[in-house]
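Below: the structure, in structure tokens.
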């Protein structure tokens with residue numbers, strides 16, 4: 001959806017067109033789900049949070065001045081809603097990544113994980129599990145960059161981090177995941 | 001290692017100057033170690049782009065619509081409650097005013113209203129002046145003034161604080 005279409009859609013929603021709001025929800029629900037599902041690990045609360053985000057967006061839509069994309073604006077609401085939720089749940093928000101540990105301790109589970117691989121079906125599941133254990137900010141940045149194809153500037157505007165920090169976090173998160181993968185698999189196992 | 005992890009990520013993100021990108025690509029064909037490192041990252045990127053597990057319930061949109069409409073009803077309810085409070089304050093002000101007004105003289109003056117002059121409007125108008133003249137407003141005056149100030153404050157709150165929250169028009173079908 002281009003900027004002009006987004007503007008028209010927002011104007012229709014503000015005029016009270018319920019079909020336009022349905023379209024709005026359908027357009028942005030994947031983006032909201034990506035953010036919420038990555039930031040919040042409690043399964044039962046995820047959909048409620050997604051619903052709350054759209055209700056908040058509906059109530060505050062008149063304040064949207066088209067200074068950014070609608071997707072960036074709604075992603076910011078989603079991000080802030082999740083941060084508030086996590087703060088209430090006392091989830092640590094400012095942790096850093098664990099060291100990229102490929103020592104014997106971290107490799108001890110290789111055989112189990114090799115067996116686990118059959119159950120987990122593929123590397124994607126392993127990566128998903130590793131991401132779920134990362135600090136919130138790293139998870140969010142990975143998601144916004146890879147799933148929602150946002151730029152560093154857009155991610156910075158959503159998370160309130162400078163562009164350089166976004167780039168640095170993204171690099172470190174991917175290097176961390178690569179280290180986890182290479183610790184578990186031989187390179188040829190990863191050639192698919 | 002000629003290329004750091006940062007450079008490999010920049011290459012895969014297409015975030016490299018054109019000449020460096022070309023050079024990297026050439027070396028990728030001739031350097032099996034670099035190729036292997038890039039392959040690992042490619043596999044990781046593929047996993048990061050996987051959208052599995054993010055699916056919402058098929059009824060999600062209709063649930064959001066319902067929730068938004070309930071919030072609207074909440075807003076309406078809030079406004080009615082608001083009107084109720086305003087009316088309550090207004091009635092309380094009237095009652096308090098009457099409590100402090102010297103109503104005895106008022107009742108005395110009303111005795112002028114006999115069946116004989118009930119139909120005489122000019123006479124009533126003539127008496128009205130003396131009726132109002134006998135009321136002691138000194139004690140009662142601050143109360144309705146306070147009531148009016150409260151109403152103005154409520155009105156301003158409604159206009160500038162409560163109303164904007166629900167500025168989007170109600171859904172129409």
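The values are calculated or read from the model by the stated rules, or taken from the named source; none is laboratory data. The shown structure was predicted, so the numbers you read here are calculated from the model rather than taken from an experiment. With ideal geometry, Cβ positions are generated from the backbone for all residues, glycine too; neighbour counts draw on all protein chains shown.
A few points about this structure:
- Any hit, the range B:70-91, residues being at pLDDT 80 or above, within 11 Å of chain A (Cβ to nearest Cβ), surrounded by 11 or more Cβ atoms within 10 Å (Cβ to Cβ) and closer than 30 Å to residue A:37 by Cα: no
- Put simply, of B:21, B:3 the only residue that is outside any helix (DSSP H, G or I) and more than 10 Å from chain A (Cβ to nearest Cβ) is B:3.
- Residue, farthest from the chain's Cα centre (by Cα), within the range A:50-63, restricted to residues that are free of Cβ contacts under 8 Å to residues at least 12 places away in the same chain and within 7 Å of chain B (Cβ to nearest Cβ): A:59
- Just one of the listed residues (A:47, A:67) is free of Cβ contacts under 8 Å to residues at least 40 places away in the same chain and either touching a helix residue (DSSP H, G or I) at 6+ places or on another chain (Cβ under 6 Å) or not in a loop (DSSP other than H, G, I, E, B) (or both), and it is A:47.
- When the range B:47-65 is filtered for residues that are more than 29 Å from the chain's Cα centre (by Cα) and not in a helix (DSSP H, G or I), the ones remaining, listed by number, are B:49, B:50, B:51, B:52, B:53, B:54, B:55, B:58.
- Flag for residue A:43 being more than 9 Å from chain B (Cβ to nearest Cβ) and closer than 21 Å to residue A:146 by Cβ: no
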